[in-house]
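Below: one structure, written as structure tokens.
The values are calculated or read from the model by the stated rules, or taken from the named source; none is laboratory data. All of these numbers come straight from a predicted model, not from anything done at the bench. No Cβ is skipped: glycine too gets one built from the backbone with ideal geometry, and neighbour counts run over all protein chains shown. Side chains included, ligands, DNA and RNA excluded: accessible areas come from the protein's heavy atoms. Shrake-Rupley method; radii C 1.70, N 1.55, O 1.52, S 1.80 Å.
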Amino acid sequence: MQRLRLRYTKRGRLRFTSHRDFQRAFERALRRAEVPMAYSAGFTPHPKVSYANAAPTGTGSEAEYLEIGLVRHRDPEELRARLDACMPDGLDLVDVVEAHGSDFSDRLQASVWEIRLDGVSPAQAQQAAAAFLAAEAVEVQRQTKKGVRSFDARAAVRSLAATAQPAGADTATGTDRPGEGACAILRLVVRHVTPAVRPDDVLSGLRATADLAPPVPAAVTRLAQGPLDEETGAVTDPFAPDRDALPEPIGSGVSSAATVPGGTA
């Protein structure tokens, strides 16, 4: 069985797509593209598709991942292009590798997030970020299926910085946001821990430590997720081990380099 790992995006208004909505769209694309899927055993076989650490509904993403199993070998890039042509615009399949090595989810150790705060000045955001980072612990609460749960949002945050949006520049959140007035951009690296600390938890922490309350809902985008370099704080490409496992073309003399989807931390 051939295993392929794909990276996909949730852009613009498609960030409001739930994980279940994406699953339905992707399984429909598999049928339309006539992908020779492997199926599970049992009374109700299902296509072998594994999803890794999906972003919350309402957030955009440049770095979502899944793995599929095929019963016949296919050229990875050709298959990615066929599948992408069958997906809605905004849910784009942008990268593929042939799977090698251990459980892929083990590589997803941290995420790089961008939070756009319309109506908040860069100075306000910088002061709030400094107060958050200076705190030893920032307790926040989240409603779960088992009731309200309290946990520390500060421990999972590796880095947090605030900048202004460059004049005339679009952020990764898309173009369906207010284009005038004050606007601050938060860039943060968050470790994947249990319980998971999400961007909205960090926003709750900023409200608790610095009384930062944006007048409009924040626009959140995941720029990257993958292995975390604790020394530099960089989140690196989780596909790098798969690319490195492939034999180089004879005489090429070129080795693959790890890159971070959508930018670096």
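At a glance:
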quantity	calculated
Any chance SER150 is closer than 21 Å to GLU136 by Cβ, modelled with pLDDT of 95 or more, small (Gly, Ala, Ser) and open to solvent by 30 Å² or more (accessible area, probe 1.4 Å)	no
Pairs where the first residue, in segment 226-239, is open to solvent by less than 30 Å² (accessible area, probe 1.4 Å) and the second is of a type in the set (Phe, Trp, Tyr), C-beta under 8 Å, 6+ apart	PRO238/TYR65; PRO238/PHE104
So ALA63, is it hydrophobic (A, V, I, L, M, F, W, C) and outside any strand (DSSP E or B)	no
Residue list for segment 31-60, restricted to those being of a type in the set (A, V, I, L, M, F, W, C), in a loop (DSSP other than H, G, I, E, B) and either in contact with an Asp or Glu (Cβ under 7 Å, 6 or more places away or on another chain) or at pLDDT 95 or above (or both)	ALA33, VAL35, ALA38, ALA54, ALA55
Members of segment 197-222 that are open to solvent by 10 Å² or more (accessible area, probe 1.4 Å), under 18 Å from ALA161 (Cα atoms), touching a residue at least 40 places away in the same chain (Cβ under 8 Å) and not acidic (Asp, Glu)	VAL197, ARG198, LEU203, SER204, ALA208, THR209, ALA210, LEU212, PRO214, ALA218, VAL220
Check on LEU108, closer than 17 Å to ARG3 by Cα, open to solvent by less than 40 Å² (accessible area, probe 1.4 Å) and of a type outside the set (Val, Ile, Thr)	no
Residue within segment 34-57 that is acidic (Asp, Glu) and either farther than 30 Å from ALA245 by Cα or under 13 Å from the mean Cα position of the chain (by Cα) (or both) present	no
Criterion (over 13 Å from the mean Cα position of the chain (by Cα), open to solvent by less than 30 Å² (accessible area, probe 1.4 Å) and within 25 Å of GLN225 (Cβ to Cβ)) met by exactly one of LEU30, LEU14	LEU30
Candidates ARG74, ARG82, ARG116 - the one that is outside any loop (DSSP other than H, G, I, E, B), farther than 20 Å from THR221 by Cα and at pLDDT 95 or above	ARG82
Residue, modelled with the highest pLDDT, within segment 157-171, restricted to residues that are part of a loop (DSSP other than H, G, I, E, B) and within 14 Å of LEU117 (Cβ to Cβ)	GLN165
